[in-house]
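The values are calculated or read from the model by the stated rules, or taken from the named source; none is laboratory data. Treat the numbers as computed from the prediction; the structure is a model and nothing was measured. Using ideal geometry, Cβ is built from the backbone for each residue, glycine included, and neighbour counts are taken over all protein chains shown. Heads up: the accessible areas ignore ligands, DNA and RNA and are worked out on the full protein's heavy atoms, side chains in. Shrake-Rupley method; radii C 1.70, N 1.55, O 1.52, S 1.80 Å.
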Amino acid sequence: MATAAQALRGADSQVDVLGLYNDAWAPVREEFAPVDGPFKPQAEQMRAVQDGTLDEAVKDHLERLLAADLLVLSYPLWWFSLPAILKSWIDRVFVMGALFGGDHGFFGDAPLAGRAGDAAGHDRRLR
């Protein structure tokens, strides 16, 4: 991670490093109020976005993600997959209703479309 960050800074890129362990990222999803009936994470994410009740740490990381032109994930493999803390970050920050779905659509219409590496070069503005 440090080598990649240094190389990007050397190429005149602004780098924002999120260290999940250093930030004491909570890997447990606790930001939703109890619901009647089955818990549906995507529906609760959309409701939290609409109501403005996303967890403050999630909001902060979501804003930083939306400000990025490029996302680089650097992590050790754990049993051929990503560590639980990173899986939690993805589950909690890649919020339905903020990054995809709801008013944002999918793929080419989603807010992250048009970032570095997006061959289609879509407009990246939020609607």
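If r is the Cβ-Cβ distance from T53 to I85 and R0 is 25 Å, what FRET efficiency results, to the nearest 0.05?
0.60
Looking at the stretch 1-104, I'd like the Rg to Rh ratio, where Rg is from alpha-carbon atoms and Rh is Kirkwood's inverse mean 1/r.
A ratio of 1.01.
Taking all protein chains as present, what is the carbon and sulfur share of the accessible area of the stretch 1-88, in % to the nearest whole number, probe 1.4 Å?
Answer for the stretch 1-88: carbon and sulfur cover 56 percent of the accessible area.
Taking the Cβ of R9 as the centre, find all other residues whose Cβ is under 15 Å away and add up their charges (Lys, Arg: +1; Asp, Glu: -1).
Within the 15 Å Cβ shell, the charges total -3.
For the chain, with every protein chain kept in place, what is the accessible area per residue (1.4 Å probe, Å²)?
It amounts to 69 Å² per residue over the chain.
I want the local charge near L18. Using Cβ-Cβ distances under 14 Å, sum +1 for each Lys or Arg and -1 for each Asp or Glu among the other residues.
-1
Compare the Cα positions of A7, T53, V28 along the charge dipole of the stretch 1-95 (+1 at Cβ of Lys, Arg; -1 at Cβ of Asp, Glu; about the Cα centre) and return the one farthest towards the positive end.
About the Cα centre, the residue reaching furthest to the positive side is A7.
Compare the peptides 54-62, 12-20 by average per-residue count of other Cβ atoms within 10 angstrom and give them in order, highest first.
For the peptides 54-62, 12-20, the packing ranking is 54-62, 12-20.
When Lys and Arg each count +1 and Asp and Glu each count -1, what net charge do the other residues less than 13 Å away from E63, Cβ to Cβ, add up to?
-2
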